[in-house]
Amino acid sequence: MADKQDEKKITPRSEDFAGWYNDIVLRAELADYSPVRGCIVFRPDGFAIWEALRDELDRRIKKTGARNAYFPLFIPQSFLKKEAQHVEGFAPEVAVVTHGGGKELEEPLIVRPTSETIINHMFAQWIHSHRDLPLMVNQWCNVVRWEMRTRIFLRTAEFLWQEGHTAHATREEAERETLTMLEVYRKFAEDFLAIPIVAGRKSAAERFPGAEETYTIESLMGDGRALQCGTSHFLGQNFSRAFEIRFLDENNQMVHPWQTSWGVSTRLLGAIVMAHGDDQGLRLPPAVASTQGVIVPIWRKADDRDAVLNAARAALNELENANVRVRLDDREGLTPGFKYNDWEMRGVPLRIEIGPRDVASGEAVMARRDIPGAAGKSKASLDGIAGHAQSMLAEIQKNLLAQARAAMTANTHSVASYARLQEQMAGEGGGGFADIYWCGRAECETKIRDETRATCRAIPLNQSLSPGQCVVCAEPASERALFAKAY
RNA sequence: CGGGGCGUGGCGCAGCAUGGUAGCGCACCUGCCUUGGGAGCAGGGGGUCGGCCGUUCAAAUCGGCUCGCCCCGACCA
């Protein structure tokens, strides 16, 4: 019997984080492996999360003034080579199409790993005057990067994302745009995905190939490893020079525009799983859950059945009318216990249990996914159930962020010596964030990486600290940086 | 590419040392009975053991080769 139970359970998070993560993704039917190495299938429950996330972010992006467009999947190979750092960064992981229509192509096509090159090629033809600026486009698409090692959602050979590309008349305006989008991402991650974020600058080593500055929203997962959840790049004039984008400014001078690009990907699905999941399975923030609440009817005797189901349907109706995304699990032949476990695995934020006792008392049992076990159960009157559910969902949304933030805070350590840093990063698995003074030099960063496997995740914005000494070389350091082992 | 693990019904595994023609749990189908934390009983269907070659009267089991997957590392969103 114990064996039967164990088989149904997922790998405990504390025992094997990677195994736990894979179990949840597969068992909650978010995604499945595909016949193609490194590529995954997004199953309906997983894709629904992406759709919810995409719809919300799309609204927020459009509010900043960007509009959606679509550029081709294939890019002439020569385009990649136009920007020196860019080609160096991406060439090794690019898929190349050499044949089409039964013939070898005159010039091979690459499958986009990102679209700076082809978009800027088009920008060069669309931008002639300062009146054409700013030009702000965004596209939702797939990209391909031939990664050596893949992890479901976190790093797949093909992934879905949005990439925004903008061109501006002045450096200042482009820099402002970079930070505006970083803030859009930060708020989106925290308010919608309930994932706590550190917003900061990347070190030169971690910068996007071709960018002058890269900013990141970084988070910490349950195993103490950091995950880059989104990036916003200030490209300077690197691409506008490489692709000869020029315009006449107000002074009749021919100049290159200043540019940005920014993106988030389906990696965020992995972030949701890792930031919120527990040993029972997935825990979805109500905002992204396609099913926010599930009603489980319970009856013993046949004559209870109708009364229970009637009450359940009435509740369903009221909740639907209040725009709560709810469903009734009236599957026959399954015990309530099975259904509880099933919906908990799938991450549904709120469960509403209605049995004969509840019908008699005009109540329902509300079970919150964010608080496991009996502690998360309470009663609510069936009359006005929608209001109860809505306020409870709002609390769950807030609480998931609070829980994740508490975990991140508990795993962030201010470290004053190199020995302490090594200690924190020792052993397998993550070590959380090490908040250190760093002089900013690549030598010290490399030393840390080589000796602890931690890398610079972010140099947090808005620091108001007095200068200190680099934990590695003891030279003066004007800023603190967060180092961690990363996904 | 280096290290580790693994390929046997849909899933998880046993069988392999001492070769004899495949078994268990879950899931599935039918019926009865059940439903407040992963129900029970009975009866069913489904695999030729990743692939190839070899040894043998006989291979899931022995030998060789090969393909694939997962995990850890280097690369990266």
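Using a 1.4 Å probe on the protein chains only, how many percent of the accessible area of the range A:97-168 belongs to carbon and sulfur? With neighbouring chains kept in place, the figure for the range A:97-168 is 54 percent. Compared with the direct C-alpha span, the chain from A:Lys379 to A:Glu320 gains 19.3 nm at full extension, assuming 0.36 nm per residue. Applying 1/(1 + (r/R0)^6) with R0 = 51 Å to the Cβ-Cβ distance of A:Arg171 and A:Thr335 gives a FRET efficiency near 0.20.
Ranking of A:Ile295, A:Ile40 by solvent-accessible surface, largest first: A:Ile40, A:Ile295 (1.4 Å probe, protein heavy atoms only, all chains present). Between A:Ser478 and A:Phe74, the modelled label-to-label distance comes to 5.0 nm, taking each label 7 Å out from Cα in the direction of the beta carbon. Spacing of the modelled spin labels on A:Gln125 and A:Leu248, each 7 Å from Cα toward Cβ, amounts to 2.2 nm.
In the range A:207-250, taking the dipole from charged Cβ atoms about the Cα centre, the farthest positive-side position among A:Gly222, A:Phe208, A:Leu235 is held by A:Gly222. Think of each Lys and Arg Cβ as +1 and each Asp and Glu Cβ as -1; about the Cα centre, that makes the dipole of the range A:293-395 roughly 240 debye. One chain, two ends: A:Val36 and A:Asp306. Fully extended at 0.36 nm per residue, the span grows by 92.3 nm beyond their Cα-Cα distance.
Relative to the Cα centre, the charge distribution of chain A, modelled as +1 at Lys and Arg Cβ and -1 at Asp and Glu Cβ, gives a dipole magnitude of about 260 debye. Which stretch or stretches of the range A:147-164 have amide N atoms under 20 Å from the point lying 7 Å from A:Asp58's Cα along the Cα→Cβ direction? The answer is A:159-164. A crude spin-label estimate for the pair A:Glu428 and A:Thr98, with each label 7 Å from Cα along the Cβ direction, gives 4.0 nm.
Here the dipole of the range A:113-257 is about 420 debye; that uses its Cα centre as origin and unit charges on the Cβ of Lys and Arg (positive) and Asp and Glu (negative).
Accessible area per residue for the range A:412-484, computed on protein heavy atoms with a 1.4 Å probe, is 49 Å². Taking trypsin sites (Lys or Arg not before Pro) in DSSP loop states with no more than 12 other Cβ atoms inside 10 Å as exposed sites, chain A has its longest site-free stretch at A:332-487.
When each full DSSP H helix of chain A is screened for a Cα extent of at least 27 Å along its own axis and an average Kyte-Doolittle hydropathy of at least -0.5, the helices passing are A:385-410. Each Cα pair under 8 Å and six or more residues apart adds its sequence gap; the mean of these over the residue count of chain A is a relative contact order of 14 percent.
Each of A:Ser261, A:Leu133, A:Pro467 was scored by the projection of its Cα onto the charge dipole of chain A, and the greatest displacement toward the positive side belongs to A:Pro467; charges sit on the C-beta of Lys, Arg, Asp and Glu. Set Lys and Arg Cβ to +1 and Asp and Glu Cβ to -1, take the dipole of chain A about its Cα centre, and tell me which of A:Gly429, A:Val324, A:Leu105 lies farthest positive. Going by the charge dipole, the pick is A:Val324. Taking each of A:Lys202/A:Lys447; A:Lys339/A:Lys379; A:Lys9/A:Lys485; A:Lys187/A:Lys377; A:Lys377/A:Lys398; A:Lys202/A:Lys485 in turn, the alpha-carbon distance tops 22 angstrom for A:Lys9/A:Lys485; A:Lys187/A:Lys377.
The values are calculated or read from the model by the stated rules, or taken from the named source; none is laboratory data. Fair warning: this is a prediction, and the values are worked out from it, not measured in the lab. Positions of Cβ are generated from backbone atoms using ideal geometry, with glycine treated the same way; all protein chains shown enter the neighbour counts. Ligands, DNA and RNA are excluded from the accessible area calculation, which covers all protein heavy atoms including side chains. Shrake-Rupley method; radii C 1.70, N 1.55, O 1.52, S 1.80 Å.
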